[in-house]
Structure formats: structure tokens, C-alpha cells
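*Asks:* Just passing along the structure, written as C-alpha cells.
The values are calculated or read from the model by the stated rules, or taken from the named source; none is laboratory data. Being a predicted model, the structure only gives us computed values, none of them experimental. Using ideal geometry, Cβ is built from the backbone for each residue, glycine included, and neighbour counts are taken over all protein chains shown. Please note that ligands, DNA and RNA were not included when accessible areas were found on the heavy atoms of the full protein model with its side chains. Shrake-Rupley method; radii C 1.70, N 1.55, O 1.52, S 1.80 Å.
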Amino acid sequence: MSKALVFGASGQMARALVPLLAERGWQVDAVTRAGRDLPDALAPFARAVPMAASRAATIQAGGGYDAVFDPMAMDASEAADLLQAASDVGQFCVISTASVYADAQGRSFESSGETGFPRFPRLITEAQMTVAAGDGYSSGKVAMELAMLQSKTTILRAGAIYGIGARHPREWWFVKRALDGRARVPLVDQGRNVFHTSSAAGIASLAAFCFQGGHCGLFNVADPQPLTVAQIGHAVFEAMGHQADLISADDLPEAEWQVGYTPFSCENPVRLSTARARGLGWDGGPSYESLMPDYTAWLASRSATWEIDFPAFAAYGYDAFDYAAEDAAFLP
């Protein structure tokens, strides 16, 4: 029986991967972050193991693994930690991000405030240039990638990740409005922006596919269809049985820029090509719409504690749910 170790077992990606591996006959050990308990939903599929002093020590304490999944490796130092146990691991899979990509002018997500938002090709392939390795979020991910490629590793570059267990569920921008009975929802650029989404379920399916087939290298991972912000809003509201008009937030004073600005909003489209992974035989994972009923129900169940459960919204620097500003902007 093949044996896998999954880090971050309380997170959205591991919650999708652990049952999938178990159902395919793998023995799974799961490590939770910061001493959190193993989610009840994973208990039938995995053995909870404690985090040791390091990733390498955790791997070695388990006697080695055929596969190790780590969604949390952020930089070269954390890659080095994993690689200390490389001789005890058959194959690694780590999660990177589409924010590593830069356009032909060198513009990236992180530099967009100074240089403008990057303008990518219609579909971003794995051959697209990236930012230089460094110490920032995206540059740190590049440094991590370069280090991990020295070993037998699958690197998955994801878009806007979502799934049960998320700490930054971008869909909450729409879900909370549905729960609050908002009948009119403003969107900048008429909701035509595209930031390709990546489901935890899709990431898990590609990771499991690569583990089963021994496929290593760099792969984009994203939903079968890159939806616009308006399409995302419609999918969320339909799953929740909520009726709302999506209205244009264009032509507002600059001081009201945040009205209609969603966590998916971006000046130029970001669409990831998954042709490389599909060429290996990966099926592309589930559709966005098919995952919304269960996902929105989970999000709604956190409504009373969302400010604690979804801390990223507090870091935006503005109120993502300023309904007074929305109403004032659209009064007759």
C-alpha cells in the first residue's frame, strides 16, 4: 500500500485531497497547522500525526513516504526543510501561485500598484516569464519552486483558490450579500473581469493524478472554465436561491472606487492554460458551478463568526461590506 503525508490537514486543499487518496487505496497521515485538530470529516480517511520540529523531522518520524503534499511551502528556506528529507520521499507535491507570473514588460501582481496591472496573453502557460526569486510572496514562491525542482517534485500553480476550509474565501463577498438580502449588487467594469479560479477539489484531483502516475514538473491548475466576476456572482446566488440584480459600478467618483470592487476584480484578464496537465490525461477537475451548493452552505454556516474565520477581509484596508456607500452611490 502506498503511503502519503499531507501537511496543512485543516486547510481547504488537504480536506479535498485526503479522502481522495484514501479512496484510491493510499494510507494517509495528516499534519494540521498550529496544533489544530484534524477535521472530523477527515478522521475516517487519515491518521493524525503531530508536527515535529521541522517538516523533514515530521517526514522522518513517519518512516518516510511515497508521496508528500505541502500546500504551505512559501520560500527557499521552507523548501530546504522539505528537501532535507528527500531521501525519505518518493515524490513531493507543493502548491505555488499564478502570482509568480510577469508579463512581457516585467509587470506582476505585486508591482501593479506602481507599474500597472500586468497584461498577459489570452492564456498563461507554464512557459510565461516569472518574477525573479526573492523574499516577497510571489518571489518567495519562485525561490521555493527552483529549490524543489532539484528533487522529484510536482509544482501546481493555482489561481484564486476556493473550497471548504478556506481562510480567504473570496466568494464570501457575494455570499454575505445574499445572506443580508441585498437586491442590487454593484460590480466594477460591469463584472467582466476574469481572475481564473482554482478549486481545492481540482487541485486535489491533479495532485492525486500526479502521485498515481509519477508525473513531476510545473503545472497550472485551474477550473475548466475561467468565469467572469458576474458569472461567479450568478453561480453563487443561484446556489443559494438568491435573486439580485448585478449593476454597473462604473462612472462613480474616484473616492468611491471600492464600491463594486470584489476580491476577483482585476484590470486585465488572468486565464491559466491547463493544457500541459490535460495532455497527461488529467480530466480538468469539477466545474465551478457544481461545487457552489456545498461550498456556499459551508460559508453561510460561518456567518456568525466570519470576521474571525475569514481574517483576510479585515486586512483589505476598506470595508468590503459598506452597504451605505453602495446605496448612496445608486440613489435616484
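*Asks:* Quick one: angle between helix 12-23 and the longest Cα principal axis of the chain, in degrees between 0 and 90, rounded to 10, please.
*Replies:* The helix 12-23 is inclined about 50 degrees to the chain.
*Asks:* I would also like to ask the following. As an exercise, use a Förster radius of 25 Å and the Cβ-Cβ distance of ARG192 and GLN150 to find the FRET efficiency, rounded to the nearest 0.05. Walk me through the numbers on the way to the answer.
*Replies:* On the way: r = 42 Å, r/R0 = 1.66.
FRET efficiency, ARG192 to GLN150: 0.05.
*Asks:* Take the alpha carbon gyration tensor of region 252-323, find the square roots of its eigenvalues, order them as a ≥ b ≥ c, and report rounded if a/c is under 1.5; if not, report prolate when a/b exceeds b/c, else oblate. Display every interim value, and only then the final one.
*Replies:* On the way: a/c = 2.85, a/b = 1.46, b/c = 1.96.
Since a/c reaches 1.5 but b/c is at least a/b, the shape of region 252-323 is classed as oblate.
*Asks:* Any idea what angle helix 288-301 forms with the longest principal axis of the chain, computed on alpha-carbon atoms, 0 to 90 degrees, nearest 10?
*Replies:* 80 degrees
*Asks:* For ALA314 paired with SER290, estimate the spin-label separation in nm (one decimal), with each label point 7 Å from Cα along the Cα-to-Cβ line.
*Replies:* So the label points at ALA314 and SER290 sit 3.7 nm apart.
*Asks:* Another question, then. Return one whole number: the accessible area per residue of the chain in Å², for a 1.4 Å probe.
*Replies:* Dividing the accessible area of the chain by its residue count gives 43 Å².
*Asks:* Take THR115, THR274 and sort them by solvent-accessible surface of the protein heavy atoms, 1.4 Å probe, largest at the top.
*Replies:* If we order THR115, THR274 from most to least accessible, we get THR115, THR274.
*Asks:* Another question, if that's okay. Describe numerically, in nm with one decimal, the distance between label points set 7 Å from Cα along Cα→Cβ at THR115 and at ARG33.
*Replies:* 2.9 nm
*Asks:* Note the angle between two axes, namely the Cα long axis of helix 229-240 and the longest principal axis of the Cα atoms of the chain, as a number of degrees from 0 to 90, rounded to the nearest 10.
*Replies:* Once rounded, one gets 80 degrees.
*Asks:* Still on this structure, I have one more. Between GLU238 and PHE321, with labels modelled 7 Å along Cα→Cβ, what's the label distance in nm to one decimal, could you check?
*Replies:* 2.5 nm
*Asks:* Additional query: Between Rg and the Kirkwood Rh of region 1-57, both from Cα atoms, what is the Rg to Rh ratio?
*Replies:* So for region 1-57, dividing Rg by the Kirkwood Rh gives 0.94.
*Asks:* Quote the FRET efficiency, to the nearest 0.05, computed for ASN268 versus MET72 with a Förster distance R0 of 30 Å and r equal to the Cβ-Cβ distance. Mind showing how you got there, number by number?
*Replies:* Working: r = 29 Å, r/R0 = 0.97.
Result of the calculation: an efficiency of 0.55.
*Asks:* Could you check how much of the accessible area of the chain is carbon and sulfur, as a whole percent, using a 1.4 Å probe?
*Replies:* On the way: 7040 of 14170 Å².
Exposed carbon and sulfur together represent 50 percent of the surface.
*Asks:* Which FRET efficiency value, to the nearest 0.05, is calculated for ALA43 and SER2 with the Förster distance at 25 angstrom and r the Cβ-Cβ distance?
*Replies:* On the way: r = 20 Å, r/R0 = 0.81.
According to the calculation, E is roughly 0.75.
*Asks:* Go from 0 up to the bin containing the longest alpha carbon distance in region 54-95, width 10 Å each, and give me the % of pairs per bin.
*Replies:* 32, 61, 6
*Asks:* Among the aspartates and glutamates, which have Cα under 17 Å from the Cα of LYS176 when same-chain residues fewer than 8 positions away are ignored?
*Replies:* GLU238, ASP245, ASP294, GLU307, ASP309, ASP319, ASP322, GLU326, ASP327
*Asks:* A further question follows. Working out 0.36 nm times the residue gap between SER303 and HIS168, then minus their Cα-Cα distance, what length gain in nm do you get to one decimal?
*Replies:* Working: separation 135, 0.36 × 135 = 48.60 nm, distance 1.38 nm.
Contour length minus the Cα-Cα distance gives 47.2 nm.
*Asks:* Quickly estimate the mean residue ellipticity at 222 nm for the chain, helices only: each DSSP H run with n ≥ 4 gives -39500 (n - 2.57), and the total goes over all residues, rounded to 500. Working shown, then result.
*Replies:* Values: 12 runs with 108 residues, N = 332.
The per-residue figure over the chain is -9000 deg cm²/dmol.
*Asks:* What do you get for Rg/Rh of region 191-332 when both radii come from the Cα atoms and Rh is the Kirkwood radius? Kindly include the intermediate steps, with their values, before the conclusion.
*Replies:* Details: Rg = 17.9 Å, Rh = 17.5 Å.
For region 191-332, the value is 1.02.
*Asks:* If the only charges are +1 at each Lys and Arg Cβ and -1 at each Asp and Glu Cβ, what is the size of the charge dipole of region 1-139 around the Cα centre, to the nearest 20 debye? Each step should come with its number before you reach the end.
*Replies:* Numbers: 10 positive and 15 negative charges, 64 e Å.
Here the size comes out at about 300 debye.
*Asks:* On to the next question. Can you give the Kirkwood hydrodynamic radius of the chain from its Cα pairs, in Å with one decimal? Numbers along the way, then the final one.
*Replies:* Details: mean 1/r = 0.0483 Å⁻¹.
The answer is 20.7 Å.
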